[in-house]
Amino acid sequence: MVISQKKSKGYAIASNKNMAWQLLNKPIFFSVLFLSIFGVVMIYSASSYSAELTYGDSFFFARKQIVGIILGLISLFIIYNIDYKKFAKYYKWALIISLVLLALVFVPFLSVSNYGATRWIGFGSFTIQPSEIAKFGLVLFCAGYLSKKYSQMHKFCTLIPVLVAGGLMCVLIMLEPNMSITMCVGATFVFMLFMGGAKIKHLGLLAIPVLCIIPLLLMEPYRLERLIAFLDPWSNAQDEGFQLVQSLYSLGSGGLFGVGLFESRQKYLFLPFAESDFIFSIIGEELGLVGCLFIMAIFFVLIYYGFRVAKNASTRFGSLLACGITFVIAIQVIFNIAVVTGSIPPTGLPLPFISAGGTSIVVFLSAIGVLLNIDKQSKRDMQNYAFVPQR
Amino acid sequence: MKTTFSLLSIHKRLLTALVVIAFIFMALFARLFFVQIIYGKTYSARAVDQWTRDLPLEAKRGSIFDRNGNALAVCQTTYNVYVRPNAVKDATSVARVLSDVLGVSFEKAYTLCSTKGVSEALVKMQATEAQMQAIVDANALGVYFSQNIQRYYPYGDLLTQVLGYLSIDNQGQSGLEAFYDYYLKGINGKALTEGDLIGRELDDNLVQYLPSIDGNSLYTSLDLSLQVALENVLEVIMQKQEAKGAYGILMNPNTGEILAMSNKPSFDLNNVPRDDLTTMLDQSKNKTVVDVYEPGSTFKILTMAAALEENITTENEVFYDPGYRIVDGDRIKCWRTIGHGSQTLTEGFCNSCNSVFMDLALRLGTDKFYEYLEKFGVNSTTEIDFLGESSGILMPISQVKNVDLARIGFGHAVAVTMVGLLTAISSIINGGTSITPSFVNSIVASNGQTISLKNNASKRVVSESTSARIRAMMSQAVNKQEIRSFVPGYDIGGKTGTAQKYENGVIASGKYVSSFIGIYPAEKPEYILLIAVDEPSAGAYYGSLVAAPYGKMFFEQMFSILNIPPQDLEADLEKMEKNIVVPNLVGKGLATAVSELIECGLQYEIQGEGEIVQNQLLPAGSLTYKDDIVLLIT
């Protein structure tokens, strides 16, 4: 009941400054910081040639990314200092705001189209991609709702609001169209239900419609290509497979140790979206399999510590929020690497923290702010009560 | 607790999720391992392929020279001049330089230099190296050049069909350019450059060169000055005889070396009429090698040689020609319908009497005659170094009836190429050995290495004595009769011929190929000449009138070019004076004209039904010999 044991570890005698340092989850913070800075370097390497040609400024993308990181870090520190528990009661608002933002994409004078898809809203040069925000909006909603309903999780009807919210969000994103984020969101809310305590057989019910599609696809495999080509024109804007081929050339050229930083040849316009969706290919080309392994390891460290935060969270809401945030990162890393290695059909999905993209980096860093706050709160709670909160 | 979901359960599910994620990460890593290590080499090889561009370094095509080292076809390096307006700093001064050096107007140059939004504009094509250097020296910023190697024919419309032309991408399409394309073209090199997706060169690009190997040069047996003379003579024929075409070949009958060869009409090789395909294809065809024709009387040399070699006749045997022969019931006319009367074999040759040669052919018989014709190469190609040579055509031996045999005897019912006929006659008059005609004496590589092309393996076709006897007859034909090809002081031998043309398998009325074959010196020939006139339409068509005078014209020019002095000029001139000047008969009554001719010791032919002479051939004032025939057109 008393904190005497903790005192002996020296928390109590630590200064405020020291205290803040102690409470910071260093593996998470530094791996994210490393990935972001590494991202800027890779973005510069991948885009300097194309940026010079297109904008007359080889730092064009790198500079934008740096601005994104600075904004993101500011946001991270602000959010880090807000108790996450305050978010719990706004979980419905998170859903509503997310859906509104997604719907705004379809308002003509606000929407910004590119590559045949409408994914951005903005005024003038300032644009944001609502789906990047919506992913975390959904996580917050699920965490809030499921932590409230944890005692009724064995009933299927408890799942229905989440299914409706997730389904609605999927439909809106699909309409943009953005197949890959749709899949990402779908995976996220299923994961949230799983973590929230839904019964496996209930989750299994969700799989039934998916399973129904499989025999159709097996009968006529071209349908899959059609489906993807139809739903996500961005990924098929160029000759089908061209990006993938170029990505494999990049990775293949890299070999074990890579051709050396800044030495990529594929970045000379051969590999489309080299600075964003296909940045991992450039990493593979310049730094080789070893470099890829290193980056994947750092992501895994991040995911591992993210789950630890979830495990150690002092509230169910915090736990669900933490594992939701971590899962969004994990699923995007997995999808992105699967795409660039040709393991799944090409879809446009950025690699968290590394790919160029302002909204993405700001939102991810903000989410890390939440994650770090959950960890800070649970450490404080440990200090204050030195027992595992009971439910 | 059974119905509520505990934190411990969360922990379990977290662990499950982490394990699943770890598993997926490992799977992705395995996939990366495959892509980067197992297939890495394959992928990177393909990638290298798309990173580099190899620009061909064009090999310089070999030149073609005549026997004295005059260039007939060379490669010229020209430059296309471009401006990139964005790179032009001072449009006025650059435009000034361009207009001064290239002769384009200043206004045009200024517009090109100052038009924004255009990445590149062509100022002038085919600028010379000196012009390019002048622009470079003037330091005109924003001006660029592209080099191109271009075929250039210094004499343009000369040897058009012999040299041949190139396609746009410098491949030989006809003539020697095509036949020797493999030797001439050289081997292109490569410049490997690294570029981006659309081929823009990279800044730190290292260009790797694989140098080109220039083509070999051809040293031909052609003689530029004789060629010029021949072409001029043919041009005169085209004009004077209003002919459809005129052909000439000058060859060394002992070696087969072609000294000059020309086809008219022709075009300038530097300005190939590529947009007029029919003209281009027709006029680029070397018809002396590619096309066959019915030779007519020039073929009689072959019949005569076979007859003499077989000893079935002698020079002094007397033949009677009533103007026709009846062969197996068919009446075959001599060209002179009133007949040549009694004449010796030699006179028959000089008169070109068809009846005599019908007799000779019939005496030889099909088998023997064919044996000789095959020896002379009539039914085969000459193997000349030229693309698309045709073989002569003989009727299948089994189908030859006596009427056919008789006709073949005077050069009908048989087809040969001009070069084939000349080769056959050469082998008869050169002492009796076969030859292979050729254009190229040696091929010289860019490094100086030389391949000499030698004509090999000649075989005997007739004996030395037969050869000498034929030469004597040809000499007599010119000296005694063919005054129109006689050059005083020079011992020329010759034979004329006139053949009907066939169109769609039937004789085309009024269409003839008139030809002349001349040898010099007749005693021991070093030159053999063929002049052929296709469809002369200025009135006359007999080879003696249409082709022989131009044979003479050419020989005269040849003697002056080669500085060959006349021999026994006095005697020849004396002989000339004994010759007859043809009187003017035009406008006179037919009876008057005929009696005037007989008074002069000339014979006549009448064409037409009128009573008044409208035209005469030979023309008034021309020199001729006793008993020559004047055609009166009424």
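Within 19 Å of A:Ile133 (Cβ to Cβ), hydroxyl-bearing (Ser, Thr, Tyr) and touching a helix residue (DSSP H, G or I) at 6+ places or on another chain (Cβ under 6 Å) - does that describe any residue in the range A:300-312?
no
Kindly provide the set of residues from the range B:78-107 that are surrounded by fewer than 14 Cβ atoms within 10 Å (Cβ to Cβ) and either in a strand (DSSP E or B) or touching a residue at least 40 places away in the same chain (Cβ under 8 Å) (or both), ordered by number.
B:Asn86, B:Lys89, B:Asp90
Would you point out which residue out of B:Pro265, B:Pro253 is over 30 Å from B:Ser442 (Cβ atoms) and in the same structural domain as B:Thr382 (by TED's automatic domain parsing)?
B:Pro265
Do we have B:Met280 as closer than 23 Å to B:Ile428 by Cβ and assigned by TED's automatic domain parsing to the domain that holds B:Glu371 here?
no
Being in the same structural domain as B:Gly156 (by TED's automatic domain parsing) and in a helix (DSSP H, G or I): is that true of B:Glu177 here?
Yes.
Anything in the range B:585-634 that is farther than 23 Å from B:Pro549 by Cβ and among the polar types (S, T, N, Q)? List them, or say none.
Answer for the range B:585-634, where residues must be farther than 23 Å from B:Pro549 by Cβ and among the polar types (S, T, N, Q): B:Thr592, B:Ser595, B:Thr634.
For A:Ser250, all conditions in the list (1) within 9 Å of chain B (Cβ to nearest Cβ); (2) touching a Phe, Trp or Tyr at 6+ places or on another chain (Cβ under 7 Å); (3) under 16 Å from A:Val339 (Cα atoms) hold save one; what is the number of the exception?
Going through (1) within 9 Å of chain B (Cβ to nearest Cβ); (2) touching a Phe, Trp or Tyr at 6+ places or on another chain (Cβ under 7 Å); (3) under 16 Å from A:Val339 (Cα atoms) one by one, A:Ser250 breaks only (2).
Take the residues in the range A:181-202 that are within 9 Å of chain B (Cβ to nearest Cβ) and assigned to a helix (DSSP H, G or I), then tell me which one is modelled with the lowest pLDDT.
Among those that are within 9 Å of chain B (Cβ to nearest Cβ) and assigned to a helix (DSSP H, G or I), it is A:Gly196.
Can you tell me which residue in the range B:517-545 is nearest to B:Val478 (Cα to Cα), limited to those that are part of a loop (DSSP other than H, G, I, E, B) and of a type in the set (Gly, Ala, Ser)?
Among them, the one singled out is B:Ala522.
Go through B:Arg53, B:Arg46 for me and flag whichever is within 14 Å of chain A (Cβ to nearest Cβ), outside any helix (DSSP H, G or I) and either surrounded by 15 or more Cβ atoms within 10 Å (Cβ to Cβ) or at pLDDT below 85 (or both).
B:Arg53
Mind listing whichever residues of the range B:414-473 are out of contact with any strand residue (DSSP E or B) (no Cβ under 8 Å at 6 or more places or on another chain), of a type in the set (S, T, N, Q) and farther than 30 Å from B:Lys401 by Cβ?
If the condition is that a residue be out of contact with any strand residue (DSSP E or B) (no Cβ under 8 Å at 6 or more places or on another chain), of a type in the set (S, T, N, Q) and farther than 30 Å from B:Lys401 by Cβ, then B:Asn430, B:Thr436, B:Asn447, B:Gln449, B:Asn456, B:Ser463, B:Ser465, B:Ser467 are the ones that fit.
What pairs come up if the first residue lies in the range A:175-189 and is farther than 14 Å from A:Pro345 by Cβ and free of Cβ contacts under 8 Å to residues at least 60 places away in the same chain, the second is surrounded by fewer than 23 Cβ atoms within 10 Å (Cβ to Cβ) and hydrophobic (A, V, I, L, M, F, W, C), and their beta carbons are under 9 Å apart, counting only those six or more places apart or on different chains?
A:Val185/A:Cys170; A:Gly186/A:Cys170; A:Phe189/A:Val162; A:Phe189/A:Leu163; A:Phe189/A:Ala165; A:Phe189/A:Cys170
Answer with yes or no whether A:Ile337 is surrounded by fewer than 24 Cβ atoms within 10 Å (Cβ to Cβ), in contact with a Cys (Cβ under 9 Å, 6 or more places away or on another chain) and facing chain B (nearest Cβ under 10 Å).
The answer is no for A:Ile337.
Mind checking which residues of the range B:1-33 are at the interface with chain A (Cβ under 8 Å from one of its Cβ atoms), modelled with pLDDT under 90 and more than 15 Å from A:Ala310 (Cβ to Cβ)?
Answer for the range B:1-33, where residues must be at the interface with chain A (Cβ under 8 Å from one of its Cβ atoms), modelled with pLDDT under 90 and more than 15 Å from A:Ala310 (Cβ to Cβ): B:Thr3, B:Thr4.
Quick grid of which residues meet (1) without any contact (Cβ under 8 Å) to a residue 40 or more places away in the chain; (2) surrounded by fewer than 24 Cβ atoms within 10 Å (Cβ to Cβ):
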residue: B:Glu294; (1), (2): no, yes
residue: B:Lys300; (1), (2): no, no
residue: B:Phe319; (1), (2): no, yes
residue: B:Arg325; (1), (2): no, yes
residue: B:Cys334; (1), (2): yes, yes
residue: B:Glu347; (1), (2): yes, yes
residue: B:Cys353; (1), (2): yes, no
residue: B:Phe357; (1), (2): no, no
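Does B:Gly621 satisfy the criteria of being at pLDDT below 80, in a loop (DSSP other than H, G, I, E, B) and within 38 Å of the chain's Cα centre (by Cα)?
Yes, satisfied.
Name the residue that is nearest to the chain's Cα centre (by Cα), counting only residues in the range B:241-259 that are in a loop (DSSP other than H, G, I, E, B) and more than 11 Å from B:Ser426 (Cα to Cα).
Top of the filtered list is B:Lys244.
For the range B:82-97, check the following and say yes or no: at least one residue is modelled with pLDDT of 85 or more and of a type in the set (Ser, Thr, Tyr).
yes
Let me spell it out: the conditions are (1) in contact with a strand residue (DSSP E or B) (Cβ under 8 Å, 6 or more places away or on another chain); (2) assigned to a loop (DSSP other than H, G, I, E, B); (3) surrounded by 14 or more Cβ atoms within 10 Å (Cβ to Cβ), and B:Gly587 meets all of them except one. Which number is the exception?
(3)
Do the conditions hold for B:Gly392, that is, is it closer than 30 Å to B:Leu218 by Cα, assigned by TED's automatic domain parsing to the domain that holds B:Met304, at pLDDT below 90 and not aliphatic (A, V, I, L, M)?
When the stated conditions are applied, B:Gly392 does not pass them.
Given (1) touching a residue at least 40 places away in the same chain (Cβ under 8 Å); (2) assigned by TED's automatic domain parsing to the domain that holds B:Cys334, identify the lone condition not met by B:Asn216.
With (1) touching a residue at least 40 places away in the same chain (Cβ under 8 Å); (2) assigned by TED's automatic domain parsing to the domain that holds B:Cys334 applied to B:Asn216, the lone miss is (2).
Which of (1) more than 10 Å from every other protein chain (Cβ to nearest Cβ); (2) of a type in the set (A, V, I, L, M, F, W, C); (3) free of Cβ contacts under 8 Å to residues at least 24 places away in the same chain is the odd one out, the single condition A:Phe364 does not satisfy?
Going through (1) more than 10 Å from every other protein chain (Cβ to nearest Cβ); (2) of a type in the set (A, V, I, L, M, F, W, C); (3) free of Cβ contacts under 8 Å to residues at least 24 places away in the same chain one by one, A:Phe364 breaks only (3).
The values are calculated or read from the model by the stated rules, or taken from the named source; none is laboratory data. Predicted model only: the values in this text are computed from it and were never measured. A quick note on method: Cβ atoms are made from the backbone with ideal geometry, for glycine too, and the neighbour counts reach across all protein chains shown.
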